[in-house]
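Asker: Handing you a structure now.
The values are calculated or read from the model by the stated rules, or taken from the named source; none is laboratory data. Computed from a predicted structure; not experimentally measured. A quick note on method: Cβ atoms are made from the backbone with ideal geometry, for glycine too, and the neighbour counts reach across all protein chains shown.
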């Protein structure tokens, strides 16, 4: 049986390998929700694969007009990219995110556990 | 299936946030009661692993792609749907704030979908199917598939309420894509549980109440 230290380090190793590979192997096709959205707003066929970029742009304007939710927020690494650093930058972004999630989860869990009665 | 800001009107987004906050509070209560020194590393690793695997979009037919959600996995391994709420909330906050993946005003809806609905459907379908198969792998696959599929239908219903997708077409297209993406969810869930059960049979026994 694996001890806790080995478990955490092998788990972390697997997570980091996935994170580093993600930008190189991930598909850039729209995800299920985006694809449904483009299908419903006429930028692609629901069971087709061609996306009309112009129609996709106007679909986004159309949906914003329907909901009136114009909130936008400039995230530091939009779409897992680090300014001008191509796929290696994206790999770095996903690795940073993975380590950050690990750190927050570890820190928060420790704080919560330390407050147990 | 991260909903962007523009997809839901602000008043509805606020309602989803309120519901999400109730479940976040319950997940923190779960954490205070259940998080032992033993489980903390596992929570951290699952959170990190789920974040990483969510960045891997796998192509499916119809010019579409999808990635693992991880709620069923978290709930099964840690033995509570609230574990999924706890972990998915952390993942969604980092994705939304740092990477613009999923909106901020609509983050409550994303937490309800992927954390709450994903976690509860994943956990209870696993528990329900376990006695039939008496092995963790088939129930884990079913739990993964069903959790993603149900979440996609919930998401379509929210879009209908938001006035953005017509209900029928929304349910059809979301259900169609996620029935396929669910195979990825189920497969990785079962495989990850195989790895954990091999490395640490005690963890799985602890969360299912039955040795594997």
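Asker: Which members of segment B:154-175 meet the condition of being within 18 Å of the chain's Cα centre (by Cα) and buried (at least 17 other Cβ atoms within 10 Å of the Cβ)?
Answerer: Matches in segment B:154-175: B:154, B:155, B:156, B:158, B:174, B:175.
Asker: Right, here's the next one. Do you know which residues across segment A:72-81 are surrounded by fewer than 16 Cβ atoms within 10 Å (Cβ to Cβ) and more than 30 Å from residue B:160 (Cα to Cα)?
Answerer: Matches in segment A:72-81: A:76 only.
Asker: Considering B:13, B:48, B:6, B:55, which residue is within 11 Å of chain A (Cβ to nearest Cβ), modelled with pLDDT of 95 or more and outside any helix (DSSP H, G or I)? Even if it seems obvious, please write down each step before you answer.
Answerer: On the way: B:13 fails: outside any helix (DSSP H, G or I); B:48 fails: outside any helix (DSSP H, G or I); B:6 fails: outside any helix (DSSP H, G or I).
Going through B:13, B:48, B:6, B:55 in turn, just one is within 11 Å of chain A (Cβ to nearest Cβ), modelled with pLDDT of 95 or more and outside any helix (DSSP H, G or I): B:55.
Asker: Of the residues B:118, B:128, which is assigned to a helix (DSSP H, G or I) and either closer than 26 Å to residue A:29 by Cα or in contact (Cβ under 8 Å) with a residue 40 or more places away in the chain (or both)? Steps first, answer last, please.
Answerer: Numbers: B:128 fails: either closer than 26 Å to residue A:29 by Cα or in contact (Cβ under 8 Å) with a residue 40 or more places away in the chain (or both).
Going through B:118, B:128 in turn, just one is assigned to a helix (DSSP H, G or I) and either closer than 26 Å to residue A:29 by Cα or in contact (Cβ under 8 Å) with a residue 40 or more places away in the chain (or both): B:118.
Asker: Within the group A:104, A:82, A:63, which residue is more than 30 Å from residue B:29 (Cα to Cα) and more than 14 Å from the chain's Cα centre (by Cα)? Break it down stepwise before answering.
Answerer: Details: A:104 fails: more than 30 Å from residue B:29 (Cα to Cα); A:82 fails: more than 14 Å from the chain's Cα centre (by Cα).
The match here is A:63.
Asker: For segment B:55-96, enumerate the residues that are at positive phi and in contact with a helix residue (DSSP H, G or I) (Cβ under 6 Å, 6 or more places away or on another chain).
Answerer: If the condition is that a residue be at positive phi and in contact with a helix residue (DSSP H, G or I) (Cβ under 6 Å, 6 or more places away or on another chain), then B:70, B:79 are the ones that fit.
Residues are listed down the side, and each one gets a yes or a no for (1) within 17 Å of residue B:69 (Cα to Cα); (2) at pLDDT 95 or above; (3) out of contact with any helix residue (DSSP H, G or I) (no Cβ under 6 Å at 6 or more places or on another chain):
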| site | (1), (2), (3) |
| --- | --- |
| B:146 | yes, yes, no |
| B:151 | yes, yes, no |
| B:155 | yes, yes, no |
| B:177 | yes, yes, no |
| B:190 | yes, yes, no |
| B:205 | no, no, yes |
| B:211 | no, no, no |
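Asker: Being assigned to a loop (DSSP other than H, G, I, E, B) and either closer than 27 Å to residue B:148 by Cα or at the interface with chain B (Cβ under 9 Å from one of its Cβ atoms) (or both) is the requirement here; does residue A:24 meet it?
Answerer: Numbers: assigned to a loop (DSSP other than H, G, I, E, B): no; either closer than 27 Å to residue B:148 by Cα or at the interface with chain B (Cβ under 9 Å from one of its Cβ atoms) (or both): yes.
So residue A:24 fails the test.
Asker: Listed residues B:154, B:140, B:197; which is more than 13 Å from chain A (Cβ to nearest Cβ), assigned to a helix (DSSP H, G or I) and in contact (Cβ under 8 Å) with a residue 24 or more places away in the chain?
Answerer: After applying the criteria, what remains is B:140.
Asker: Given the conditions (1) part of a helix (DSSP H, G or I); (2) under 22 Å from residue B:137 (Cα atoms), which single one is not true for residue B:69?
Answerer: (1)
Asker: Looking only at residues that are at the interface with another protein chain (Cβ under 7 Å from one of its Cβ atoms) and not in a helix (DSSP H, G or I) in segment A:49-71, which one is surrounded by the most Cβ atoms within 10 Å (Cβ to Cβ)?
Answerer: A:69
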